[in-house]
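Engineer: Structure below; questions to follow.
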Amino acid sequence: MITVTPRSRSREDRAGDPLDGLVNLFDLGIVLSVAFLLAALSSLHLGGTITKHGLRASAAKQIYIRQGETVAPLPRPGERTIGRGTQAGVVYRLTDGRLVYVQSPR
């Protein structure tokens, strides 16, 4: 049997509070939840960019016109067009609905 004399020193518990580690686990949970949220949003492949003016299309969908060039609307499907020119390329519609323009070699 262990006996303790009244003259012995009293020592504090050196192990600390067992709930101190819980705070670190809470921080880790917040970081992991933000990481999973970003991974889920990036898997959606959103085409727009959020700016201070709202949702904008990405730069690949913008049309740049040089000085002196004009833009005309495309003819409706089945409508005849009049004019002279050469074929500049071919447009293909993919199974997911995207349009791909392939420029013909010059």
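The values are calculated or read from the model by the stated rules, or taken from the named source; none is laboratory data. In this text the structure is predicted, and so the values were computed from the model without any measurement. Counting neighbours? That spans all protein chains shown, and the Cβs are built from the backbone with ideal geometry, glycine included.
Engineer: Which pairs do you get when a residue that is without any contact (Cβ under 8 Å) to a residue 12 or more places away in the chain, found in segment 79-106, comes within reach of a residue that is among the small types (Gly, Ala, Ser) and not in a strand (DSSP E or B), reach meaning Cβ atoms under 9 angstrom, with the pair 6+ apart or on two chains?
Structural biologist: Here the result reads THR86/SER104, each pair linking segment 79-106 to a residue that is among the small types (Gly, Ala, Ser) and not in a strand (DSSP E or B).
Engineer: Taking into account only those residues within segment 88-103 that are more than 17 Å from PRO77 (Cβ to Cβ) and of a type outside the set (Ser, Thr, Tyr), which is farthest from the chain's Cα centre (by Cα)?
Structural biologist: ALA88
Engineer: Further, regarding this structure: Kindly evaluate VAL34 against the criterion of being within 23 Å of GLN103 (Cα to Cα) and either out of contact with any helix residue (DSSP H, G or I) (no Cβ under 6 Å at 6 or more places or on another chain) or at pLDDT 75 or above (or both). Walk me through how you get there before you give the answer.
Structural biologist: Values: within 23 Å of GLN103 (Cα to Cα): no; either out of contact with any helix residue (DSSP H, G or I) (no Cβ under 6 Å at 6 or more places or on another chain) or at pLDDT 75 or above (or both): yes.
Answer is no for this residue.
Engineer: Taking SER43, is it modelled with pLDDT under 80 and among the polar types (S, T, N, Q)? Before you say what the answer is, go through the steps one by one.
Structural biologist: Values: modelled with pLDDT under 80: no; among the polar types (S, T, N, Q): yes.
When the stated conditions are applied, SER43 does not pass them.
Engineer: Looking at ALA60 and the list (1) part of a helix (DSSP H, G or I); (2) modelled with pLDDT of 75 or more, which single condition is not satisfied?
Structural biologist: (2)
Engineer: When you go through THR95, THR81 one by one, which is the residue that is assigned to a loop (DSSP other than H, G, I, E, B) and either modelled with pLDDT of 80 or more or hydrophobic (A, V, I, L, M, F, W, C) (or both)? Lay out the reasoning, then the answer.
Structural biologist: Details: THR81 fails: either modelled with pLDDT of 80 or more or hydrophobic (A, V, I, L, M, F, W, C) (or both).
So the residue among THR95, THR81 that is assigned to a loop (DSSP other than H, G, I, E, B) and either modelled with pLDDT of 80 or more or hydrophobic (A, V, I, L, M, F, W, C) (or both) is THR95.
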